[in-house]
Amino acid sequence: MANKEDFIQRSLVVLKPDTVQRGIVGEIIQRFERVGLKIVAMKMVMPDEKLYRMHYEDIGQMITRRGEQVFRYNVEYMMTGPVIAMVLEGIEAVPLVRKIVGPTEPKSAEMGTIRGDFSHMSFGYSDAKGVGVPNLVHASGNPEEAKKEIDLWFNANELYDYSDLREKYTR
Ligand code: ADP
């Protein structure tokens, strides 16, 4: 029989420069808290190009998936300001967080998702403009990527184990 702890996952979430600069950090974090996800790490940082290359290419294979130009636009967008990095924990948290965030292109993201509710830009428009599409949040794509991303963004002593009162009702 599977152990219940086998279902508990951690996901890396980054509130991108557009979220910070639009002043909607609180509204976005609320979306994760209200489903019962637990914040186990959080900090504001302004990573350099090297970290973004490791994050999006070494781990995320973005050049293979989206091409060199889109990769470059995206790194330029991410470097326009500080971001809030956090680690969220919960039951099958990696796919759950992706569901809350919604698909990559704001134009296609359903209402009710963060990207659908707070943005509307299309890939066609952002590519014509020569920018990364501002879509508010990064969220780990799968559990293996999540582990690598958390290791890249956080030191072990920045991650906290604690009991959350809501776990009584959600776990
Ligand atoms: P996701 O962030 O949904 O996992 P990707 O890893 O494929 O998506 O892409 C990383 C980021 O690059 C996206 O979140 C988005 O901000 C930007 N991006 C992806 N594809 C495009 C595109 N065609 N044009 C502009 N920006 C893009």
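Some points to look at:
- Being under 18 Å from the mean Cα position of the chain (by Cα) and within 14 Å of the ligand (Cβ to nearest atom) is a description that does not apply to Asn155.
- Criterion applied to Ser163, Ser108 was being of a type outside the set (D, E, K, R) and within 16 Å of the ligand (Cβ to nearest atom), and the one residue passing it is Ser108.
- Restricting Thr80, Thr64, Thr113 to residues that are open to solvent by less than 20 Å² (accessible area, probe 1.4 Å), among the β-branched types (Val, Ile, Thr), more than 10 Å from the ligand (Cβ to nearest atom) and farther than 12 Å from Val13 by Cα narrows the list to Thr113.
- Residue match in region 84-98 (condition: in contact with a Phe, Trp or Tyr (Cβ under 8 Å, 6 or more places away or on another chain), within 13 Å of the ligand (Cβ to nearest atom) and either open to solvent by less than 10 Å² (accessible area, probe 1.4 Å) or modelled with pLDDT of 95 or more (or both)): yes
- Those helices (runs of 4 or more DSSP H) lying entirely in region 5-55 with at least 1 residues within 17 Å of Val75 (Cβ to Cβ) and in contact (Cβ under 8 Å) with a residue 40 or more places away in the chain: 17-22, 49-53
- Test: residue in region 116-123 that is part of a helix (DSSP H, G or I), free of Cβ contacts under 8 Å to residues at least 12 places away in the same chain and surrounded by 13 or more Cβ atoms within 10 Å (Cβ to Cβ): yes
- Exactly one residue out of Leu51, Leu15 is modelled with pLDDT of 95 or more and over 13 Å from the mean Cα position of the chain (by Cα): that is Leu51.
- Qualifying residues in region 150-166 (those that are within 12 Å of Met42 (Cα to Cα) and part of a loop (DSSP other than H, G, I, E, B)) - the one most open to solvent (accessible area, probe 1.4 Å): Tyr160
- Any helices (runs of 4 or more DSSP H) falling wholly within region 62-105 and containing at least 3 residues that are more than 11 Å from the chain's Cα centre (by Cα) and touching a residue at least 60 places away in the same chain (Cβ under 8 Å): 68-78
The values are calculated or read from the model by the stated rules, or taken from the named source; none is laboratory data. Worth saying up front: this structure is predicted, and the values here are computed from it rather than measured. Virtual Cβ from ideal backbone geometry, glycine too; neighbours counted across all protein chains shown. Note: areas computed on protein heavy atoms with side chains; ligands, DNA, RNA excluded. Shrake-Rupley method; radii C 1.70, N 1.55, O 1.52, S 1.80 Å.
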